[in-house]
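The block underneath contains the structure these notes are about, expressed in structure tokens.
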Amino acid sequence: MNARMLPRATLVAALVLMAPTAATAQTIAITGGTVYPVSGPRIEQGTVLIRDGRIVAVGTNLTVPAGATLVNATGKWVTPGLIHAGSDAGLGVASLFGESEAGVQGEVNPAFSPAEGYDAGAITIPLARTGGVTTGLSGPRGNYLPGRAMAVDYTGTRLEDALITSTVAMLLNLSDGSKGAGGGSRAGTMARTRQLFRDALEYQRRKAEFQKGAMQDLSAPAAQLEALLPVLAGTMPLVITANRRMDIENALRLTAEFKLKTILSGAVEGWMVAEAVAAAGVPVIMSPNTDIPSFDGLGARLDNATLLRRAGVRVVIAQGDPGGERNLRFGAGNAVRNGMSWDDALQAITLAPAQAFGLSDYGSLDAGKVANVVIWSGDPLDLGGAAERVYIRGKEVSLRTRETELLERYRSLPPKR
């Protein structure tokens, strides 16, 4: 397995994780399966030991504590839970018309987070779990600068049960110049963005004067400028949607000028500038199934992910179908079909998004990490494989869905009169 090795994860206090409850305060040993830690080589007949919602150890010939719950995974595949870096689950059944749009007022709204529009009981959440997706990164859709993205685990019955952090990244859209500024001019959008960033830095330097009304008007209210400061300090990722080559190049210019921690999203023509993206150290979130040219990406091609990865770009795969989070693994499988290595494709839906968004407790099966674990019947990137058991924060979660309930309800129809 050709995967990057990572140091032992440390516990990150900044993550807003709920303390383990009595339901998770237990020891579980998943034994006998082929374990894919993602951070290292696969382990045949391996054991994953879980205690109190965290992974305690991964390896062979581990000592299983007395009283541990034993889960026989012989003949199965064991991987980290998948991370969807563009999920809409919990934000409306088809969130193009749901909560992902709500709250976005105007084009500049960096202080907005959709967290309180998240419904932990939405029917889309168990559907996502059936595809092995245990964690979602979700943000508002809207024009230009719609707000912040959040990170949740697909567990619990309330926002507080699921929330990892309400602010995992800021979102900026450069893919459609008509929505930014300058009457559709991309140059106008870039000028407006620079002005916003400079005004935020000016506000930071002169807060006292601003509060006294002793300085010129700025391009956004104080609350919005304040929300941009972590981005400009390089402590919060900025996800820039950019599909055309020229928009990607503009995103890289902003990154260099303001020393941003940028993540590209979309990057339909990313293969054209793959070396420049790699040199900038910018990860890319993309859907590998995008192959139909559009005015926002005439150069679409199915091996885009392969070419970006080959150039050294950290690729994050995010299937873009509304309500289709469970198909994330098939997006990774299609990337393999079009030239990406299997190891890189699995990493693109586990460790790569965790690293890109600073979720250091997630993405691989390593001691100390959150115990989001999936047991598969076979290859998770293949149609023949299926998620048989899913653990989130060390607790097995239900794979029963609304579809299951409907099947059971209408399996036997009443006799005709």
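At-a-glance table
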{"item": "Segment GLU388-VAL64, length gained on full extension (0.36 nm per residue, minus Cα span)", "result": "114.4 nm"}
{"item": "Acute angle (nearest 10 degrees) that the helix 245-258 long axis makes with the longest principal axis of the chain, alpha-carbon atoms", "result": "80 degrees"}
{"item": "Value of relative contact order over region 269-394, rounded to a whole percent, pairs C-alpha under 8 Å and six or more apart", "result": "19 percent"}
{"item": "Bins of 5 Å from zero: percent of alpha-carbon pairs in region 249-353", "result": "2, 14, 25, 25, 19, 10, 4, 1"}
{"item": "With every protein chain in place, the chain: carbon and sulfur % of accessible area (1.4 Å)", "result": "51 percent"}
{"item": "Inter-probe distance in nm under a simple model that places probes 7 Å from Cα toward Cβ, at SER294 and GLU408", "result": "3.9 nm"}
{"item": "Accessible surface of GLU403 - all protein chains present, 1.4 Å probe, nearest 10 Å²", "result": "90 Å²"}
{"item": "Surface accessible to a 1.4 Å probe, per residue, for the residues of region 331-393, Å²", "result": "25 Å²"}
{"item": "Solvent-accessible heavy-atom area per residue, rounded to whole Å², over region 123-271 at 1.4 Å", "result": "37 Å²"}
{"item": "Relative contact order of the chain, pairs being alpha-carbon contacts under 8 Å that are 6 or more residues apart, as %", "result": "20 percent"}
{"item": "CD proxy at 222 nm, helix term only [per DSSP H run n ≥ 4: -39500 (n - 2.57); per residue of the chain; nearest 500]", "result": "-7000 deg cm²/dmol"}
{"item": "Alpha-carbon Rg with Dmax, taken over region 185-260, Å", "result": "13.5, 44"}
{"item": "Rounded to the nearest 10 Å², the accessible area of SER166 at probe 1.4 Å", "result": "40 Å²"}
{"item": "Residue order for THR255, THR130 - accessible surface, 1.4 angstrom probe, largest first", "result": "THR130, THR255"}
{"item": "Principal-axis tilt of helix 186-205 within the chain, Cα atoms, nearest 10 degrees", "result": "90 degrees"}
{"item": "Segment ALA233-ALA256, extension gain: residue separation times 0.36 nm, minus the distance between their alpha carbons", "result": "7.0 nm"}
{"item": "Nearest 10 degrees, 0 to 90: helix 328-337 Cα axis against the chain principal axis", "result": "90 degrees"}
{"item": "The chain: radius of gyration and largest Cα-Cα distance (Dmax), Å", "result": "22.1, 82"}
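The values are calculated or read from the model by the stated rules, or taken from the named source; none is laboratory data. What you are looking at is a predicted structure, and each value in this text was computed from that prediction instead of being measured. Ideal geometry is used to build each Cβ from the backbone, glycine not excepted, and the neighbour counts take in all protein chains shown. SASA here: full protein model, heavy atoms, side chains in, ligands and nucleic acids out. Shrake-Rupley method; radii C 1.70, N 1.55, O 1.52, S 1.80 Å.
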